[in-house]
Amino acid sequence: MKSFILLAALTALVLFLGRAIGGQTGLMIAIVFAGAMNFVSYWWSDKIVLRSYNAQEATEADSPELYGIVRELAGRAQIPLPRVYLIPEETPNAFATGRNPQNAAVAATVGLIRMLDRRELAGVIGHELAHVMNRDTLIMTIAAALAGAIGYLAQMAMFFGGSSDDDDGPNPIAAIIGMLIAMIAAPMIQMAISRSREYLADEAGARLSNDPLALASALGKIESWSLQIPIHSGSPATAHLFIINPFSGGIASLFSTHPATEERVRRLEAMTR
């Protein structure tokens, strides 16, 4: 039900922007576009998101430590071994994607592998595999793909000015609306993803790795380094995929896509007691 409501809201935004850009003709085009995007997002949203971060599939020879951790924890979770990807970014972070456990992928930045020790890395991977176990990845990746489409349509609305009610000329109001949607659509979509999922993934991931304090330590390091080393690829529309929001500061700071790291750490520390 939550997935249906989110997808319906995203589809409605696509239709609204189509109407703003091209009137009735634009609305009909947007209907076709929305249907195609929902179909494409379900089947290929994981590939779209991975490509947006220039992620490259890794073998055990490429990253033996990461690959070994993923294999070990996937076995404990009793899920198929996910594909493993490396993101060429120095900021430490990671996310999971895929429409189901049979088609899941785990992506980690090279900075994450470099900056965390094995215990901390296992805690992060456990968190991401928990998202796979809980079937969070489908709605998260579809939301990211559709958010990108909404941002693109909003830019078109600003560029072309939109269509007036009688289709006689451009409507500046449509341009203003397009600009506003471009500013707030992606953060609102991120907020639509329940933050409680992060708490659940923290708990399940800590149990998988059997080391809550290691995950707590990793969260603190990732947040600290993310503020110092910005990510250069991707889009804020995908912030909710990551274990820690990599797009901190600016407008993005007005919308919280994750629970406060301090609270997440407190809960993990409470697990050890």
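The table below gives the values:
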| read-out | value |
| --- | --- |
| Matching option when the condition is at pLDDT 75 or above and within 19 Å of Arg114 (Cα to Cα), among Ala58, Ala74, Ala12 | Ala58 |
| Criterion (farther than 21 Å from Pro246 by Cβ and surrounded by 23 or more Cβ atoms within 10 Å (Cβ to Cβ)) met by exactly one of Ala30, Ala9 | Ala30 |
| Cβ-Cβ under 8 Å pairs, at least 6 apart or on other chains, the stretch 36-48 side surrounded by 22 or more Cβ atoms within 10 Å (Cβ to Cβ), far side among the charged types (D, E, K, R) | Ser45/Arg99; Asp46/Arg99 |
| Test: Ser194 is of a type in the set (Ser, Thr, Tyr), within 14 Å of the chain's Cα centre (by Cα), assigned to a loop (DSSP other than H, G, I, E, B) and modelled with pLDDT under 70 | yes |
| Some residue of the stretch 26-46 being within 23 Å of His131 (Cα to Cα), in a loop (DSSP other than H, G, I, E, B) and at pLDDT below 90 | no |
| Positions within the stretch 203-222 being part of a helix (DSSP H, G or I) and over 13 Å from Ala94 (Cβ atoms), in sequence order | Glu203, Ala204, Ala206, Arg207, Leu208, Ser209, Pro212, Leu213, Ala214, Ala216, Ser217, Gly220 |
| All positions within the stretch 49-66 that are under 15 Å from the mean Cα position of the chain (by Cα) and either surrounded by fewer than 21 Cβ atoms within 10 Å (Cβ to Cβ) or in a helix (DSSP H, G or I) (or both) | Val49, Leu50, Arg51, Ser52, Asn54 |
| Number of the condition not met by Ala107 [criteria: (1) hydrophobic (A, V, I, L, M, F, W, C); (2) within 20 Å of Ser224 (Cβ to Cβ); (3) buried (at least 24 other Cβ atoms within 10 Å of the Cβ)] | (2) |
| Those residues of the stretch 98-128 which are within 21 Å of Asp211 (Cα to Cα) and basic (Lys, Arg), in sequence order | Arg114, Arg118, Arg119 |
| Qualifying residues in the stretch 72-97 (those that are assigned to a loop (DSSP other than H, G, I, E, B) and under 13 Å from His131 (Cβ atoms)) - the one nearest to the chain's Cα centre (by Cα) | Pro82 |
| Where a residue in the stretch 197-209 is touching a residue at least 12 places away in the same chain (Cβ under 8 Å) and its partner, wherever it lies, is of a type in the set (S, T, N, Q), with Cβ under 8 Å and at least six apart | Arg197/Asn134; Leu200/Asn134; Ala201/Asn134; Ala204/Asn134 |
| Residues (surrounded by fewer than 20 Cβ atoms within 10 Å (Cβ to Cβ) and either under 20 Å from the mean Cα position of the chain (by Cα) or without any contact (Cβ under 8 Å) to a residue 60 or more places away in the chain (or both)) located in the stretch 118-137 | Arg118, Asn134, Arg135 |
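Yes/no per residue for (1) under 23 Å from Thr137 (Cα atoms); (2) more than 14 Å from the chain's Cα centre (by Cα); (3) modelled with pLDDT under 90; (4) assigned to a loop (DSSP other than H, G, I, E, B):
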position: Ser224; (1), (2), (3), (4): no, yes, no, no
position: Pro230; (1), (2), (3), (4): no, yes, yes, yes
position: Gly234; (1), (2), (3), (4): yes, no, yes, yes
position: Ala237; (1), (2), (3), (4): yes, no, yes, no
position: His240; (1), (2), (3), (4): yes, no, yes, no
position: Phe247; (1), (2), (3), (4): yes, no, yes, yes
position: Ser253; (1), (2), (3), (4): no, yes, yes, no
position: Ser256; (1), (2), (3), (4): yes, no, yes, yes
position: Arg264; (1), (2), (3), (4): yes, yes, no, no
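The values are calculated or read from the model by the stated rules, or taken from the named source; none is laboratory data. Computed from a prediction, not measured in an experiment: that's the story for all the values here. Counting neighbours? That spans all protein chains shown, and the Cβs are built from the backbone with ideal geometry, glycine included.
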